[in-house]
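Rule-based calculations on the coordinates, nothing more; no lab input. Only a predicted model underlies this, so the values are computations on that prediction, with no experimental measurement involved. Backbone-built Cβ (ideal geometry, glycine too); neighbour counts: all protein chains shown.
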């Protein structure tokens, strides 16, 4: 058990932090939604009903969507773009690395291709799924808000062209790409001892790759 915890400590810690933070988001969001309903003299929601509401699901998946977009784009872009000196980049002078051929036991062109590019493709699929749920949930939330104020109800497909949906997406996308670019650039000049995301402390700034 001790060895299993040691071998999987990073994933377990990240998932624990995820559970704590999404619970915090749910509790805070429920309190905010309850206050808004009270201000409009509307009947309150139960906590479980709030977890299935358009406003909560939209907020959750607009964040997941941006994370999966950033990660899928980053995995794919780093396969053929370089940043000299960054711990996050392949060396532009030696871009080929050992072990990039799929295992010989895999037969069939499609299977070998999927195995070779499965990480980026899986993240891209998760992005599409998250965006779709965000879109649908945001449409529900927007229509609820419109009904509350006597506005027009939109179909799901007409909402796809609504500025509100794209504002929600772009406000998250821009921060993801900025933070990733900062990691790429800062890893040229800064170190964090022991982290595989950093170059060795003694490495020169011009060394590329961790």
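I want to verify a result. In a Gaussian network model of the chain, Cα cutoff 10 Å, which of these has the top mean-square fluctuation: 17, 140, 184? Looking only at 17, 140, 184, the biggest GNM fluctuation is shown by 17.
Let me have the relative contact order for the stretch 149-210, percent, based on Cα pairs under 8 Å that are six or more residues apart.
Dividing the mean separation by the residue count of the stretch 149-210 yields 17 percent.
Here the contact order of the chain, divided by its residue count and restricted to Cα pairs under 8 Å and six or more residues apart, works out to 29 percent. Anisotropy class assigned to the stretch 65-210 is oblate, per the alpha carbon gyration tensor with a/c at or over the 1.5 cut-off and a/b no larger than b/c. Between 66, 187, 158, the GNM of the chain built on Cα springs shorter than 10 angstrom shows 158 fluctuating the most.
Classify the stretch 74-159: rounded, prolate or oblate, from the alpha-carbon gyration tensor (a ≥ b ≥ c, eigenvalue square roots; a/c under 1.5 rounded; otherwise prolate if a/b is larger than b/c)? Can you show the working numbers first?
Details: a/c = 5.78, a/b = 2.28, b/c = 2.53.
Oblate shape, in that a/c is at least 1.5 and b/c is the bigger or equal ratio.
The simple Förster model, with R0 at 30 Å and r as the Cβ-Cβ distance, assigns residue 46 and residue 1 a FRET efficiency of 0.20. Length available on full extension from residue 148 to residue 105: 0.36 nm per residue minus the Cα-Cα distance, which gives 9.5 nm.
Post the alpha-carbon centroid distance, the stretch 73-93 to the stretch 1-32, in whole angstrom. So the two Cα centres are separated by 30 Å.
Round to a whole angstrom and tell me the spacing of the C-alpha centers of the stretch 36-58 and the stretch 116-189. Their Cα centres are 21 Å away from one another. Going by neighbour counts of Cβ atoms within 10 Å, the residues 179, 55, 138 line up, fewest first, as 179, 55, 138. Any idea what angle helix 9-39 forms with the longest principal axis of the chain, computed on alpha-carbon atoms, 0 to 90 degrees, nearest 10? Roughly 20 degrees between the two axes.
Using a 10 Å cut-off around each Cβ, can you sort 135, 4 from fewest to most neighbouring Cβ atoms? Write out the running numbers ahead of the final one.
Numbers: 135 21, 4 9.
Ascending Cβ contact count within 10 Å gives the list 4, 135.
Rounded, prolate or oblate: which fits the stretch 1-51 when a ≥ b ≥ c are the square roots of the eigenvalues of the alpha-carbon gyration tensor, with rounded for a/c under 1.5 and prolate only if a/b beats b/c?
Numbers: a/c = 7.65, a/b = 4.36, b/c = 1.76.
Prolate, because a/c is 1.5 or more and a/b exceeds b/c.
Counting 0.36 nm for each residue step from residue 160 to residue 128 and taking away their Cα separation leaves a gain of 10.1 nm. Legend: ranking of residues 67, 168 from fewest to most surrounding C-beta atoms inside 10 Å; resulting order 67, 168. For the residues 15, 182, 25, a GNM of the chain with alpha-carbon springs under 10 Å puts the largest fluctuation on 15.
Cut-off 13 Å, label point 7 angstrom out along Cα-to-Cβ of residue 93: give me the residues of the stretch 174-210 whose amide nitrogen falls inside. Residues 204-209 fall inside that zone.
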